[in-house]
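Worksheet: one structure, shown below.
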Amino acid sequence: EAQVTQNPRYLITVTGKKLTVTCSQNMNHEYMSWYRQDPGLGLRQIYYSMNVEVTDKGDVPEGYKVSRKEKRNFPLILESPSPNQTSLYFCASSLGRGQGNSPLHFGNGTRLTVT
Amino acid sequence: DQQVKQNSPSLSVQEGRISILNCDYTNSMFDYFLWYKKYPAEGPTFLISISSIKDKNEDGRFTVFLNKSAKHLSLHIVPSQPGDSAVYFCAARERGNFGNEKLTFGTGTRLTIIP
């Protein structure tokens, strides 16, 4: 089944304790991205990657890091989480711009709470 | 600055009737528009899309209309079914954008279908 898989689904942590949220897709998509969803703000892009070893900042990158060492994986790293990073996070992937219009496919989300 | 606006946070419709969800945008550089459906504890699921060169796209019970002069998008669901109860997000992609497939999302409309 074609899908984007995120882990963990739920995570409670404390301020300053480094964490990683994993994301993997099995559709051979070139493009991957991370979003966060907050009440009243919709989904906002954190980082994106157009291909392996190519990553760039989205609209709200502060406090986050990403890497794209393999095509299928795109982990989100919070080096020193803070309470304002408490949010619902979604990973997404698509074929990429060179493939015409293709929709983003989303994972099921990771609900992160930082105390 | 909310570039994609869904002004109705919620909508209730009788089963079998037409559901109309609306979306307005301000950025004239958007060239691709999408609707996503989201159930609780799941990620957004792609529903239907439309390119800016078209004014209508149909897929079964779902039709999206685009009025570029008014910068307005609408999703029609007919007939509405109980399984359509979900949060619907309008999203738009900007032309060019250096290969970033970033979607700008509205804040969502919660649709409830009344049996």
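The values are calculated or read from the model by the stated rules, or taken from the named source; none is laboratory data. Remember, predicted model here, so these are calculated numbers, not experimental data. Note that we place each Cβ from the backbone using ideal geometry, even for glycine, and neighbour counts take in every protein chain shown. These area figures cover heavy atoms from the full protein model, side chains too; ligands, DNA and RNA do not enter into them. Shrake-Rupley method; radii C 1.70, N 1.55, O 1.52, S 1.80 Å.
Here's the yes/no breakdown for (1) of a type outside the set (Val, Ile, Thr); (2) within 14 Å of chain A (Cβ to nearest Cβ):
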| site | (1), (2) |
| --- | --- |
| B:Leu47 | yes, yes |
| B:Lys56 | yes, no |
| B:Arg61 | yes, no |
| B:Tyr88 | yes, yes |
| B:Glu94 | yes, yes |
| B:Asn100 | yes, yes |
| B:Ile114 | no, no |
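Going by the conditions given, is A:Ser102 without any contact (Cβ under 8 Å) to a residue 24 or more places away in the chain and open to solvent by less than 30 Å² (accessible area, probe 1.4 Å)?
Values: without any contact (Cβ under 8 Å) to a residue 24 or more places away in the chain: yes; open to solvent by less than 30 Å² (accessible area, probe 1.4 Å): yes.
The answer is yes for A:Ser102.
Report those strands (runs of 3 or more DSSP E) wholly inside chain B carrying at least 2 residues which are within 25 Å of A:Thr110 (Cα to Cα) and either open to solvent by 70 Å² or more (accessible area, probe 1.4 Å) or among the aliphatic types (A, V, I, L, M) (or both). Break it down into steps so the answer makes sense when it comes.
On the way: elements: B:10-14, B:19-25, B:30-38, B:45-51, B:56-59, B:62-67, B:72-77, B:86-94, B:103-105, B:109-114.
Once the strands (runs of 3 or more DSSP E) in chain B are filtered for at least 2 residues that are within 25 Å of A:Thr110 (Cα to Cα) and either open to solvent by 70 Å² or more (accessible area, probe 1.4 Å) or among the aliphatic types (A, V, I, L, M) (or both), what remains is B:45-51, B:86-94, B:109-114.
B:Lys37 passes every criterion in (1) among the charged types (D, E, K, R); (2) more than 14 Å from B:Phe105 (Cα to Cα); (3) without any contact (Cβ under 8 Å) to a residue 60 or more places away in the chain apart from (2).
Taken over the stretch A:79-90, residues that are under 11 Å from the mean Cα position of the chain (by Cα) and open to solvent by less than 10 Å² (accessible area, probe 1.4 Å) amount to 2. Scanning the stretch A:15-41 for residues that are open to solvent by 70 Å² or more (accessible area, probe 1.4 Å), modelled with pLDDT under 95 and more than 24 Å from A:Pro83 (Cβ to Cβ) returns a single hit, A:Asn28.
The set of residues in the stretch A:13-50 that are at the interface with chain B (Cβ under 10 Å from one of its Cβ atoms) and at positive phi comprises A:Gly40, A:Gly42. Scanning the stretch B:88-110 for residues being touching a Ser or Thr at 6+ places or on another chain (Cβ under 7 Å) and closer than 22 Å to B:Ser8 by Cβ gives a total of 5. When B:Asp84, B:Asp31, B:Asp24 are checked against the criterion of being of a type in the set (D, E, K, R), under 21 Å from A:Asp59 (Cα atoms) and modelled with pLDDT of 95 or more, a single residue qualifies: B:Asp24.
Being open to solvent by 60 Å² or more (accessible area, probe 1.4 Å) and over 12 Å from the mean Cα position of the chain (by Cα) is the filter; apply it to the stretch A:42-54 and report the residue that is nearest to A:Asn101 (Cα to Cα). Checked the stretch A:42-54; the qualifying residue nearest to A:Asn101 (Cα to Cα) is A:Met50.
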